[in-house]
1. What GluC sites (Glu not before Pro) in the stretch 157-237 are in a loop by DSSP, with at most 11 other Cβ atoms within 10 Å of the Cβ?
2. Computed from the mean reciprocal separation of all distinct C-alpha pairs, what Kirkwood hydrodynamic radius does the stretch 129-231 have, in Å?
3. Which length gain, in nm to one decimal place, applies between ASP176 and HIS154 when the Cα-Cα distance is subtracted from 0.36 nm times their residue separation?
4. I'd like the orientation of helix 11-28 relative to the chain: the angle between its Cα long axis and the longest Cα principal axis, in ° from 0 to 90, rounded to 10.
5. Nearest 10 degrees, 0 to 90: what angle lies between the long axis of helix 65-75 and the longest principal axis of the chain (Cα atoms)?
6. Between their Cα atoms, which of LYS78/LYS188; LYS105/LYS201; LYS137/LYS188; LYS137/LYS201; LYS115/LYS162; LYS27/LYS78 are more than 29 Å away from each other?
7. Tell me whether the stretch 2-126 comes out rounded, prolate or oblate; compute the Cα gyration tensor, take square roots of the eigenvalues as a ≥ b ≥ c, and use a/c under 1.5 as the rounded threshold.
8. Send over the per residue convex hull volume for the chain, Cα only, as a whole number of Å³.
Amino acid sequence: MLTVALVEDDEPATAWLHRCLDDYMDKTKARIEITDFREPTALVEPYRIRYDLIFMDIDLPNMNGLEAARRIRHMDQKVIIIFVTNMAQYAVKGYEVSALDYIVKPFTKEDFNRKMDRAVSLCRQQADTITIRYRSKGQRIFLRDLAYIEVRRHQLDFHTDKGLIHGVGSLQEVEDMLQGHGFIRSSKSFLVNQRYIRLVKGEEITLLNGSVLTIGRVYRKTFMAQLVTCIGNDHVI
């Protein structure tokens, strides 16, 4: 799954970006989670390392896109930034903050797809992976495609965007291996990718793929503290 932030205050431009992304998903079968921001301070303050790709307008309220990108780059060296703007004379300054590219409005879907292809290719190059071993075989998967890991009957089940993969070992070993990669232990049975969390309500976690997991009583305090650190309070009710 690719996580994308759209920072754009113009409603027609936002709608067009959504249409382009929807068409790109249909064309490539990619899974993309999109979050909209009408102004950059909502993204930057506080910034959380959650996104693979940011589409950023330059002429924005409260803070221009270039300044927002500079602040983001101080906190996140890996996120891909593409400027989307009608201010072509300023777009080239995006390279000062290591932006991948820029798109000048108005743009076609073909223009957009070329930029997306570059961004997706770079995401794959810099993506973290894990190798799952089972019955003398190994399978490598991208961590961004891994929603959660479940232990059942002394077997590990890796729930990914592409289906279920079986593995061996203990959940504690996997938790130690994935430390620092955004995975949070919610119970003795589940290790959850924070990028996939849609909502936490009471003792239940609802994921973007519709799965519902439980929060163990012993794990709740630590889980909630880590969740707020990773993604804030917006997804907790």
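Bear in mind these aren't lab numbers, they're just calculated from the coordinates by the rules spelled out. Treat the numbers as computed from the prediction; the structure is a model and nothing was measured. Heads up, the Cβs are rebuilt from the backbone with ideal geometry, glycines too, and the neighbour counts pull from every protein chain shown.
1. Answer by residue number: there is no such site.
2. 13.8 Å
3. Full extension of this stretch gives 6.2 nm more.
4. Helix 11-28 sits roughly 50 degrees off the main axis of the chain.
5. Its long axis makes an angle of about 30 degrees.
6. Exceeds cut-off: LYS78/LYS188; LYS105/LYS201; LYS137/LYS201.
7. Rounded.
8. 128 Å³
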